Each structure stands twice: as structure tokens, then as C-alpha cells.
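Computed from the coordinates by the stated procedures, all read-outs in this text should not be read as laboratory data. Source: prediction; values computed, not measured. Cβ coordinates were reconstructed from backbone atoms using ideal geometry, including for glycine residues, and neighbour counts include every protein chain displayed.
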Amino acid sequence: MNYSFLEPYSFNNELQLKNKIVMAPMTTSSSTPEGDVTEEELIYYLVRSSGPGAVITACAYIGSEGQAFPNGMSVAKDSHIDGLKKLAQIIKLQGSKAILQIYHGGRMSQRQFNGGRQPISPSPIRAERKWADTPKELTEAGITILISQFGTAVKRAIEAGFDGVELHGANTYLLQQFFSPHSNRRTDNWGGSIENRLKFPIEVVRHCQSVIQTHADKSFLLGYRFSPEEIETPGIRLDDTYILLDALIGENIDYLHLSVNHYFQPSIVGFREYKKQIPEQIGQYIDNRVPLIGVGAIKTAEDAEKTLRYANLVSLGKQLIIDPKWVQKIEEGKEKSIQTAINLSQPQDYHIPENLWKTITQIPNWFPVKEH
């Protein structure tokens, strides 16, 4: 069968993907405590990068106080470039494009991963998580430094040979915290009105674009990942997200990447007036003004095709962990041989880093598994 997601895709800046499948950014917690890429991670990406048109890495933190989980990948220092260079080379070895996702955890960062330092955020409002600290409110100078750190991270990604960077503005991390009325209660130019809450993510985008214009060729991508809603009250709602998307499109972002649990997910805050599922509404709102990457529980070729009804590209996460050859099996007409669960008795078959394997085996129902 001829699936449209197997066709090549070209971005407006002329970067071309061999197909419309993207490996989603997924935390492995498998770098060194200092944030350097490990051999385990290189093997993990090598095994999974031969099929998709592009691979978006696990998120790399831009500042040493910005880790939201243990053993994250870092792009905070020049000393990390060598490991990132190996990672980019591994991903690109068999024709995939390599995109480095970058982030700062903000109030989602934890002292235990950041030398005991108190997390920072737009306002001293604690995240609604049992483990969360009350963050320290960022000063004007601190905000300026963070914008600069995002740009420096992009420069390091360029030096390491990546084809693009994705700004992680989703999953309640720092970029989202500035936009959110829950975490941003500031009364200066960086908060209050939705226009002021937009200011930080837009300034980060502009600064990163200026770095790209100076140091990269025109085919280097700058993407932005976003969560369309928040469960908190007050929190981001779909109408707010439309304003964010318009602003990002106005800044000529190269692509937008949804962060949802299912590719046809309903509203997580229960708005019944939404007659269509959230991803579909977003796709219709963007209306091909920029490429949109759809994501969420995509397991089969049919799922991927359905995602392309509203999106331009399809992001695969857990399914590429379970079966790294998902794309090739579909290309070869061997769909029935696609694995749908992890065999816990055969860890050597998956080339999954030890820390990620432990997480898979310890969290009930996180992955479909079989014992034999």
C-alpha cells in the first residue's frame, strides 16, 4: 500500500526529509551526571535513526540550573559539543536529519539535579506537583541571561552539526511558564497581559533566529513545541494557544510540534463546546501557514495517515522504542511483523539505555510489555 507519510517532505527553507516520519523527543535520563552524551545513547539513536526522516533528540538543558530530571543531556557548556557532534553524526549516518531539542526546566527543575539550587521561574508560584519547590522570581537581568543562553545553545547545536533546533515550549517548562497565567503573575513588561506573557518566548525565538542567520546556512530549522492546554486554573486554554501560534507564525518559525497524549485528543479541561478534537482544531487553525507535526499514541500506518489529515508530519515516540524498524517494515510491506509490546525477557533486542529500561520495567502500564 502506498502511504503518504512515506513520501519526501520539504520545508520552506529547502531542508528536505526522506519521509514524513519524525522520531519524537523522549527523555532517556542516560547522559552522564555532567550532561555528556554516553555510548548507550549513541547506540540507542543509531538503531532508531535509519527509518525516520528526522530525529528530534531528548531535550538538552541550556543552563546548569535548568534540569528537570536526572542524567539529562546538556548543551550548557562548550565542553558538551564533542558528545553532541557524535550524536548528530550518528543520527545523520543513514539519511535522517538531526534536530536537537533544547529547554530550561524553570520551576519544574529540582534541587537534587541542580547542585541544590532553588529553581527559577517568572513568578514565585509553586508548580502543582507534590515534589515541587517554590521557585525564585527571575530578575530582569536573569531574564536577559536566559534569552542569551538559548541563543548560545543554538550556536553549539550548529557547531555540533545538527540540522535544526526545537525549542521546548511545552510540558510546563520555562518557555511555557512565561506564557502561562498560572506560573506568570508578573506586573512588569514580562507578565500580566497575554501580550506581555508572550514576550519571553518571542524574544527567545528572535534571538535564536539571529544566531542561526549569523552562524548557519538557510536550511537550518528552528521549531517550537507547545502544549495546547493546561489543567491548572488559571491556565493556558485553546484560545490562548491560538494567540501564541499566530505570534510564532508571525516570527517565521520553521515548524510547530504538538505535545498531546493522543493524535485525536479531546480537551483536557473538559470544554464541551469544542466540537472537534484539539489536534484537529489546531491543524485547521494553522491552515498550512507553517508545517505542523502531529503526535500521540501513533502505533499503526493507519494512525499515521489519520494524523496527516490535520498535520504535515507525524511524530512517533514509544512505537520507535518498541520497534526501531517501524518505518522500514512498512516500506517493505511487512506491517504484520511490527512489534507492539516490549518483551521484558529480551532486553538485548532493543538497545535501550539502562536507565530508560529500568523506568520502563518499573512504571506500570507506561509501555505495553510481555513477559516472554
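Would you please calculate the Kirkwood hydrodynamic radius of segment 235-372 over all C-alpha pairs and express it in Å, rounded to one decimal? Can you show the working numbers first?
Values: mean 1/r = 0.0590 Å⁻¹.
By the Kirkwood definition, the hydrodynamic radius is 17.0 Å.
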(request) Please give the length that would be gained between Asn252 and Lys276 if that part of the chain were fully extended, namely 0.36 nm times their separation in residues minus their C-alpha to C-alpha distance (nm, one decimal). (result) 5.9 nm
(request) Using only C-alpha atoms and all pairs of different ones, pull out the Kirkwood radius for segment 104-246 in Å with one decimal. (result) 15.7 Å
(message) Apply the Karplus curve 6.51 cos²θ - 1.76 cosθ + 1.60, θ = phi - 60°, to the phi angles in segment 321-337 and return the couplings in whole Hz, x for Gly and Pro.
(response) 6, 5, 9, x, 9, 3, 4, 4, 5, 6, 4, 8, x, 10, 4, 5, 8
(request) Round to the nearest 10 and give me the degree value, 0 to 90, for the angle of helix 194-215's Cα axis relative to the longest principal axis of the chain. (result) 60 degrees
(message) Placing one identical point scatterer on every Cα of segment 172-269 and ignoring solvent, what is log10 I(q)/I(0) from the Debye formula at q = 0.14 Å⁻¹?
(response) -0.55
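In the chain, what % of DSSP beta bridges are antiparallel (nearest 5)? Please report the intermediate quantities before stating the final value.
Numbers: 2 of 37 bridges.
The antiparallel proportion sits near 5 percent.
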(message) Test of understanding: express the Cα radius of gyration of segment 1-133 as a ratio to 2.2 N^0.38 Å, with N the residue count.
(response) 1.21
(message) Ignoring everything except DSSP H segments at least 4 long, calculate the 222 nm mean residue ellipticity for the chain; use -39,500 (n - 2.57) per segment, divide by total residues, nearest 500.
(response) -9500 deg cm²/dmol
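What translational D, rounded to a whole number of µm²/s, comes out for segment 225-313 from Stokes-Einstein when the hydrodynamic radius is the Kirkwood one over Cα pairs, at 4 °C and 1.567 mPa s? Walk me through the intermediate numbers first.
Working: Rh = 13.3 Å.
Calculated translational D: 98 µm²/s.
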(request) Go through segment 62-69 residue by residue and turn each phi into a ³J(HN,Hα) via Karplus (6.51, -1.76, 1.60, θ = phi - 60°); whole Hz please, and just put x for glycine and proline. (result) 8, x, 5, 9, x, 7, 9, 7
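Expected output is a single nm value to one decimal: the length gained when fully extending between Ser10 and Lys77, i.e. 0.36 nm times separation in residues minus the C-alpha distance. What is it? Working shown, then result.
Numbers: separation 67, 0.36 × 67 = 24.12 nm, distance 3.22 nm.
Stretched out fully, the Ser10 to Lys77 stretch lengthens by 20.9 nm.
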(request) Taking every pair of Cα atoms in the chain, average 1/r, invert it to obtain the Kirkwood radius, and report Rg/Rh to two decimals. (result) 0.94
(request) Add +1 for every Lys or Arg and -1 for every Asp or Glu among the other residues with Cβ under 11 Å from the Cβ of Leu344, and state the total. (result) -1
(request) In whole Hz, with x marking every Gly and Pro, tabulate ³J(HN,Hα) for segment 125-140 from phi via Karplus 6.51 cos²θ - 1.76 cosθ + 1.60, θ = phi - 60°. (result) 10, 5, 5, 7, 9, 4, 8, 6, 8, 6, x, 8, 6, 5, 7, 4
(request) Hey, for a label at Ala132 modelled as a point 7 Å past Cα toward Cβ, could you say which residues of segment 203-241 have their backbone N under 20 Å away? (result) 226-238, 240-241
(request) Search the structure for amide H atoms under 5 Å from the amide H of Gln101, placed 1.01 Å from N in the peptide plane, and list their residues when 5 or more places away or on another chain. (result) Thr57, Ala60, Glu166
